[in-house]
Amino acid sequence: MRIHKTDFRLWTRRDFVRTGLAAAGAAAVGARAHWGMSPAFAATDAASDLDVLARRVRGRLLRESSPGYDEARRVWNLAYDRRPLAMVRATDVDDVRRCMEFARKHTVPIAIRGGGHSDAGYGVADGALQIDLGMFNHVTVDRDRRVASVGGGTRIRDLLRASLAAGLYTPMGGCGSVGVAGLTLAGGDTSGRGLYGTACDNLIGAQLVTADGEVRELGPDRNEDLYWAIRGGGGNFGVVTRLDFRLHPVVPLHSAAFQIGWQGIAGALRAFGELIRDTPDEARAGFYLDPEAGASVECGYRGDATAAAAYIDKWTAAFRPAQARLSTSTPNPEGEVWGTTSVAVDGAFIEDLSGGVVDVLARAATEGRGIGQMLLGLSNGVAARIPMTATAYPLRGTGLSSLFDAEWRKPEARARAERWVAETGAALRPWARRAYVNYLPPSAPERIREIYGVNYPRLARIKARYDPANLFRENQNIRPEAGRER
Ligand SMILES: Cc1cc2nc3c(=O)[nH]c(=O)nc-3n(C[C@H](O)[C@H](O)[C@H](O)COP(=O)(O)OP(=O)(O)OC[C@H]3O[C@@H](n4cnc5c(N)ncnc54)[C@H](O)[C@@H]3O)c2cc1C
């Protein structure tokens, strides 16, 4: 069973077991007319031009007839068995630009594969040209400037290893094999965001190849519109080939975990809701449901051990007689990695655990016994206080970034898993109009629009300017909508 966690060591079912606790389409097709085409692609049909592309790129190009095609198109979520037109393992920025040129000419959508861990399987798409960034896996750390620069296909573990070697760190997710770019561009459900902001808040620069093939440097004073858009707007605006992160000192996390089980889940949720009502930036908290072991609660405090003990005491009192399992940890680059699986997901950003939402969650938990898991992780502090329109990422204000997922091993279990996830998501919608886009299944445009809320019109205008043909649509898609850019 995969555990989809937002922090380093705690909360995982494996840990509980180990410690004995467990038990558009291309609407604007005409737009390509004004983009210059190199004479390299002379053929009118895509198949012949693929031969040209294969010769022009330095990286390997695979298509249906190539050995290794089936292996290469596999992504982390095996529920998505998709067949791209071709896959290019890009070796440099020029390879990426040549792929764009082909995609523009034939209006073929582009699927970007970074770490390949998209829950909705976006790293691969039927009929698309996949740009695989696996070769863009490099990290450099400037200890004096406290900046890490990574390639667009770098995994979390590699960023963490290199930054921790310098005694520094930036908020990331807990699974080391997840792609840094895929997580950061969607915002990031991250550990340490209360103190430092979330992943996209620490993105201080990037290199982006846009659909027109231009290589653009982004930052607070360079291409500000795109810099704003990629901090939350996902892979909608081009291929990010480099990301620069602000680094911070490592602060130890003091945690306590309480096993609740299957009895009294609603009461535990209410107590949890009270405890997270007013938290210091150093605090973290999570409510977790395991399909076998039932519910558990975790709290943590980053910083001084005495202050941590006082914070944890409140939780110990609230969850008595459950025993607190105490631990102290620092980020772990070798953090758990989950093998490929077939899984259905949905997400919700729950602002407040009061009123009817607790009953909905408790009922979903009971109905999910033996089927699915839930993870409700506190988003607070610095990440919560950043104004909604400062970046495209829309999950500002304190809340619980929540994920519901259910795996299956045998095909006959698929329908049950998908039903529980869909019903849980639908039941929560009245209390959570927003959600972390990386926790969504492939979603209707209306849902994406609603989630981005006040930021959507600006995103759609930037999209229209830089990707009018919506070549980057194999994602949580922002539709290009022309309008006046402020
Ligand atoms: C086991 C597991 C644990 C996870 N844990 C967390 C967590 O703790 N916190 C959290 O926030 N999320 C978590 N996630 C979700 C994760 O953030 C998303 O699945 C994310 O899309 C993974 O990025 P990737 O590069 O690995 O995926 P890919 O499938 O390679 O890419 C997904 C999409 O991201 C975009 N993208 C990726 N790289 C680039 C790039 N270089 N340029 C432009 N666009 C790009 C593209 O739209 C692409 O289609 C987890 C997922 C899994 C499977």
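Things to note:
- 13 Å reach of a label modelled at D359, 7 Å along Cα-to-Cβ, counting backbone N of segment 393-435: none
- Considering only V251, G134, I276, the residue lying farthest towards the positive end of the dipole of the chain is G134, judged by Cα position with unit charges set on Cβ.
- Ordering V93, S163, G234 by Cα displacement along the dipole of the chain toward the positive end leaves V93 in first place; charges were set at the Cβ atoms of Lys, Arg (+1) and Asp, Glu (-1).
- Cα-projected label distance for D352 with D221, points at 7 Å along beta-carbon direction, nm: 4.3
- Inverting the pair-averaged 1/r between distinct Cα atoms of the chain gives 22.9 Å as its Kirkwood hydrodynamic radius.
- Spatial separation of Cα centroids for segment 121-184 and segment 283-304, in angstrom: 26
- Cβ-Cβ distance of R143 and N332, R₀ of 22 Å, FRET efficiency by 1/(1 + (r/R0)^6): the value works out to about 0.60.
- Segment 35-132 shape via C-alpha gyration tensor axes, a/c threshold 1.5: prolate
- When each of the peptides 448-461, 247-260 is scored by how many other beta carbons lie within 10 Å of its residues on average, the order from highest to lowest is 247-260, 448-461.
A short reminder: the numbers here are calculations on the coordinates, not readings from a lab. Since this is a predicted model, take the numbers as computed values, not measurements. Note: ideal-geometry Cβ built from the backbone for every residue, glycine included; neighbour counts use all protein chains shown.
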